[in-house]
1. Arranged from highest to lowest average of other beta-carbon atoms within 10 Å per residue, in what order do the peptides 301-314, 359-372, 393-406 appear?
2. Report D for the chain in µm² per second (integer): Stokes-Einstein, Kirkwood Rh on Cα pairs, 25 °C, 0.890 mPa s.
3. Could you name the lysines whose alpha carbon sits less than 18 Å from that of K417, not counting residues in the same chain fewer than 8 places away?
4. Provide W76, W345 in ascending order of the number of other Cβ atoms located within 10 Å of each residue's Cβ, fewest first.
5. Short version: what are the Cα gyration tensor semi-axes of segment 53-163, square root of 5 times each eigenvalue, largest first, in whole Å?
6. Beyond 31 Å between alpha-carbons counts as too far, so tell me which of K28/K330; K171/K332; K101/K400; K308/K375; K359/K403; K28/K71 fall in that bin.
7. May I ask what percent, to the nearest 5, of DSSP beta bridges between residues of segment 178-261 are antiparallel?
8. Would you mind listing how long segment 194-351 runs along its three principal axes, going by Cα atoms, in whole Å with the largest first?
Amino acid sequence: MMNLFFDTKFNHPSTRILSSVSSRLEGKRIVLGITGSIASFLAPQLARELIRRGATVIPVMTESALTMIGKDLMWWATGVEPITKVTGRLEHIAFAGVMNKPVDLMLIFPATTNTVAKMAAGIADTPVTLIASSLQGAGIPIQVMCVAHEDLINSSAIEEAIEKLKARGVKFIEPIREEGKAKVPPIEEVVFDVMSLLTPKPMEGYHVIITGGPTHERIDNVRYITNGASGKSAIALALEAKLYGAKVSLILGPTHLPVPRIVTPIYVESAADMKDKVIELLEGDQKTIVILAAAVADFRPEKQLKGKTKSDIELDIHLVPTGKISDEIKKKRPDSILIVYKAEWGISREELIRRAQEKMEKTNADLAIANDLSKEGAGFGADTNQILMIRKDGKVREIKGLKTTIAYEIMQHLIRKEILKR
């Protein structure tokens, strides 16, 4: 039998999804501790999402967890035979690095209040608590997602146990409290918390201001001019900046997209509203990065009509320019880093680059992201995009893929290049 928790290479169908979403956790080995909570049915889904981001997931299950979900289910989900008891292979010290390279993290998901109380008291009578105790002693990060009825979590003994563990460096993922229960947040948010714990924070001290979505320019109290921008790119950029430790202000025009609770969006309606909010946020002492990813309307009605205009009459609307937010950034904060977006339709690559460079020169931007909306998979609302990343020195890089992947590449460029070191 393969030595699965020592060897990260294994032939299993789960390898087909390895790093299929991103390589953020590539090379990371995560011990997934599963205890006897009803929420354990979400553990296979979580494991798969971690694998999709490059991680090797090693399941460890208590006897109570085995009554909720089967061992074979976690084996299928991860390609690694779950550990259900500590054996002569000394899993608890092997993962701590005594005999080989240590794991990178232990995530206990879900953790019962019983498990939390045992960990706080140093009781190690299950595979999960024994391995957790050993890893904590070796200084390996421990992350806990505790879910239960609120009356259990709110008991003084459990509150004290949680505070005691936090004081020892154990990180807790905040549950969603509703219907009298502390519940698991969306799996994507749990994955974000895992990635955040394992991601360096080179953008600490930076304030990243990001605009996204469309704007609405009112014709009357009912009708408006807009476009099909969704805000997906902006949300992806905001999450990336958060991962790297930045303070993030996400300014969104009207969009129906849900925003993960990791980022609290600031909603605006019109181009004027968005501009005012950006200018307001430029105040402060922090180093500032402004990413203008919104598809701001270029025109607005000169006059907004009152009420709801009758539909059986001809209506002439005089449109006037809304003004460019990008023109104001460097005037207000010359020391800021400015990234502008340039969207066009059905033009050549050369012309797209020329227009983006013209915008960069006009706004004194540090980087331009240009795309042709007519290309397949690159329009408003799509999950994917095809962009040209254009630098001040004229170098151009083409990136295709998920908008989340493109957001990652943009942030990587900011971090790796001299743009954050000047």
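1. With the highest mean Cβ count within 10 Å placed first, the list reads 359-372, 393-406, 301-314.
2. The estimated diffusion coefficient comes to 102 µm²/s.
3. K417 reaches K201, K287, K392, K395.
4. By the 10 Å Cβ count, ascending: W345, W76.
5. Semi-axis lengths for segment 53-163 are 23, 17, 13 Å.
6. K28/K330; K171/K332; K101/K400; K308/K375
7. 35 percent
8. 61, 37, 32
Every number here is computed from the coordinates shown, using simple stated rules; none is lab data. Keep in mind it's a predicted model, so treat the numbers as computed, not measured. Methodologically, a virtual Cβ is constructed for each residue, glycine included, from the backbone with ideal geometry; neighbour enumeration extends over all protein chains shown.
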